[in-house]
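What follows is a set of notes on a single structure, which appears directly below.
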Amino acid sequence: MALTLVLGGVRSGKSARAEQLIGTGPVRYVATAPRPDGDPDLVARVAAHRERRPASWATVETQDLRTVLSEGSAPTLVDDLGGWLAARLDAVGWDTPEKMTAELDGLVAAAAAYPGDLVLVSPEVGLSVVPATHAGRVFQDLLGTVNARLAAIADRAELVVAGIPVPLTGAALPGSGPDGAPLPAAAPIVAPAPSRPAAPSLPPVELPPFDPDADPLAFPTLSPPDPFIGREARDRQLELTKPAGSLGRLEQLGEWITACQGVCPPKQFDRARIVVFAGDHGVAAGGVSAYPPEVTAQMVGNIAAGGAAINVLAAQAEATVRVEDIAVAGDTREDLSRNKIRRSSGDIAVTDAMNDEETIAAIAAGRRIADEEVDSGADLLVLGDMGIGNTTPAAVLVGALTDTEPVLVVGRGTGIDDNAWMRKAAAIRDGMYRARPHTGNPKALLRTVAGADLAAMAGFLAQAAVRRTPVILDGVVVTAAALVANDLAPGAASWWTAGHLSPEPAHALALRRLDLEPLLDLGLRLGEGSGAALALPLVRSAVAVLGEMATFDSAGVSGKSAD
């Protein structure tokens, strides 16, 4: 006698796995979904499920699971609890989910008391397609509750990802036992993160000063790059010794730079500057990264010493590098931490990333850094990031602002394994739940689920646009900050170009929302500004074409023949 819970996303293979576990002898198969009349696709799926069941299996179609589980002790497979929950909510009313309490209690009690082998199939919260509506939120909350309560009493629980079953381990949370109260929200039940020794206590951080009369959240109305000068650049492209449009996007890039500079032909960049914002994130302690948090401080030192990938790539692109400790957990050199806001940001799965004062100070720090660079002569900026675990808050921001299901924004980051991926998916799901009320308020969103480094990046990007200075964006972390920056200062995105496309799924979603097309797609996922640095020679080439290439007249070359 054993109770097994099999979780998974849409088309993950969870049903096939459950059928393997229940065996090939006489089995009672309980189908919970209503008959799919009128839906050809669902009819076909149900037929496919039936065809692979052994002839010895008996099928029962019902949503009355308590009655079924009170009868007999035959090996039983229930597929699935998502269909059962939706059907029961249809019956009791989606606006009165409290009426499901007795239903959930009864199901858990019946499953715990069942005398035979029982396999329950259920969708994992965040791994299925659920509309971002009141009904969708009710369904997710109740599904998370029933999954957690059943997992707490199950002899075995598995999560099926891409057809591969992964056993789940970990202690049950209080209130999730068979006689406990329902959990208020879905709880991740994944392999716990490896424990690490506690970090030594360090002194608190004093916030960097900023002008008390200035409002870091107040941005002037932005004007875009000069469209008339951009048109001059397009006309000039037609005069150069090449067929019109033959240099493809390089021509469009040159036109954008010309419009940003407000002069045609454009000037070659004299001081391209790469600024890397560094910060740790409390969510990393939950095992969402392949590397320990102390790597952030170590890499800040490596960048400052000139030994990182970004330093090598910057030298090739004729750019210089600045690294700023915004929220590194450990201590860094004084000259690198003048704008430090705090030691690591909070664990966004369970608490806010920072408080209001820190959020405002971080945005102000980003704006100040942008002003310092432009005032020092920077005519092109590249933004990079460094921080263990920072793709998790980035994915939360992108998912929340693009209204995307959590599972669709979860990436592998530094190269995490399946267990770490599941922990990350759970953290992103919980972070997005906390982000939902704040998507229309950039400051509140940054405070709740971002981090001081991401808030500073948002301030930096918005202020660069205020200063009419073009920026090359890097990967998913920078682009997530850019989404918020464009909300802080509407129109700022017209001053940015995307250096590359990362394999992180959230990156493509964010670029699509900003209407930016990446210049490169090399499978890069390092961060640091590396992809943007590799795109910098392309940007320089676009300038050189417009400024140095001969025209048909100056070269004595005949133009295109008239038709």
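The values are calculated or read from the model by the stated rules, or taken from the named source; none is laboratory data. Here the structure is a predicted model, which means the values were calculated and not measured. Cβ coordinates were reconstructed from backbone atoms using ideal geometry, including for glycine residues, and neighbour counts include every protein chain displayed. When the accessible area is computed, the model is the full protein with side chains, heavy atoms only, and any ligands, DNA or RNA have been set aside. Shrake-Rupley method; radii C 1.70, N 1.55, O 1.52, S 1.80 Å.
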### Task
Just one of (1) open to solvent by less than 30 Å² (accessible area, probe 1.4 Å); (2) assigned to a helix (DSSP H, G or I) trips up Arg234, so point out which.
(1)
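For the stretch 65-95: of the residues being more than 24 Å from Gly25 (Cα to Cα) and open to solvent by 60 Å² or more (accessible area, probe 1.4 Å), which is farthest from the chain's Cα centre (by Cα)?
If we filter the stretch 65-95 for residues that are more than 24 Å from Gly25 (Cα to Cα), which is where we start, we get 82-95.
Imposing the further condition that a residue be open to solvent by 60 Å² or more (accessible area, probe 1.4 Å) reduces the set to 90-91, 94-95.
Numbers: Asp90: 32, Ala91: 36, Trp94: 30, Asp95: 31 Å.
The residue in question is Ala91.
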### Task
Could you check, for the stretch 96-106, whether at least one of its residues is acidic (Asp, Glu), in contact with a helix residue (DSSP H, G or I) (Cβ under 9 Å, 6 or more places away or on another chain) and buried (at least 22 other Cβ atoms within 10 Å of the Cβ)?
no
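Residues of the stretch 446-468 being open to solvent by less than 10 Å² (accessible area, probe 1.4 Å) and over 22 Å from Ala329 (Cα atoms), which ones? Break it down into steps so the answer makes sense when it comes.
Kept after step one, since they are open to solvent by less than 10 Å² (accessible area, probe 1.4 Å), are these residues of the stretch 446-468: 446, 448-462, 464-465.
Selection gives Leu461, Ala462, Ala464, Ala465.
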### Query
Cβ-Cβ below 6 Å, separation at least six or inter-chain, first residue in the stretch 66-95 and more than 22 Å from Ala148 (Cα to Cα), second among the hydrophobic types (A, V, I, L, M, F, W, C): which pairs?
Pro75/Ile22; Pro75/Val27
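In the set Val478, Val484, which member is touching an Asp or Glu at 6+ places or on another chain (Cβ under 7 Å) and assigned to a helix (DSSP H, G or I)?
So the residue among Val478, Val484 that is touching an Asp or Glu at 6+ places or on another chain (Cβ under 7 Å) and assigned to a helix (DSSP H, G or I) is Val478.
Just need a number here: residues in the stretch 117-138 that are at pLDDT 85 or above and either out of contact with any strand residue (DSSP E or B) (no Cβ under 8 Å at 6 or more places or on another chain) or open to solvent by less than 20 Å² (accessible area, probe 1.4 Å) (or both).
Initial filter on the stretch 117-138 (at pLDDT 85 or above): 117-124.
The next check asks that each one be either out of contact with any strand residue (DSSP E or B) (no Cβ under 8 Å at 6 or more places or on another chain) or open to solvent by less than 20 Å² (accessible area, probe 1.4 Å) (or both); those that pass are 118-123.
Within the stretch 117-138, residues that are at pLDDT 85 or above and either out of contact with any strand residue (DSSP E or B) (no Cβ under 8 Å at 6 or more places or on another chain) or open to solvent by less than 20 Å² (accessible area, probe 1.4 Å) (or both) number 6.
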### Query
Residues of the stretch 469-489 being touching a Ser or Thr at 6+ places or on another chain (Cβ under 8 Å) and surrounded by fewer than 24 Cβ atoms within 10 Å (Cβ to Cβ), which ones?
Pro470
### From Phe228, Phe277, Phe210, Phe219, residue being open to solvent by less than 20 Å² (accessible area, probe 1.4 Å) and either at pLDDT 95 or above or over 30 Å from Arg525 (Cβ atoms) (or both)
Phe277
### Message
Considering only residues that are in contact (Cβ under 8 Å) with a residue 60 or more places away in the chain, open to solvent by 70 Å² or more (accessible area, probe 1.4 Å) and out of contact with any helix residue (DSSP H, G or I) (no Cβ under 8 Å at 6 or more places or on another chain), which ones fall in the stretch 237-248?
### Response
Pro243
### Filter result (closer than 14 Å to Leu3 by Cα and basic (Lys, Arg)) within the stretch 132-151
Arg149
### Query
Of the numbered conditions (1) outside the structural domain of Gly413 (by the TED database); (2) open to solvent by 40 Å² or more (accessible area, probe 1.4 Å); (3) assigned to a helix (DSSP H, G or I), Glu251 satisfies every one except a single condition; which is it?
(2)
### Query
What are the pairs, 6+ residues apart or on separate chains, where a residue within the stretch 222-236 that is basic (Lys, Arg) has its Cβ under 7 Å from a residue that is assigned to a helix (DSSP H, G or I)?
Arg234/Glu255; Arg236/Leu546
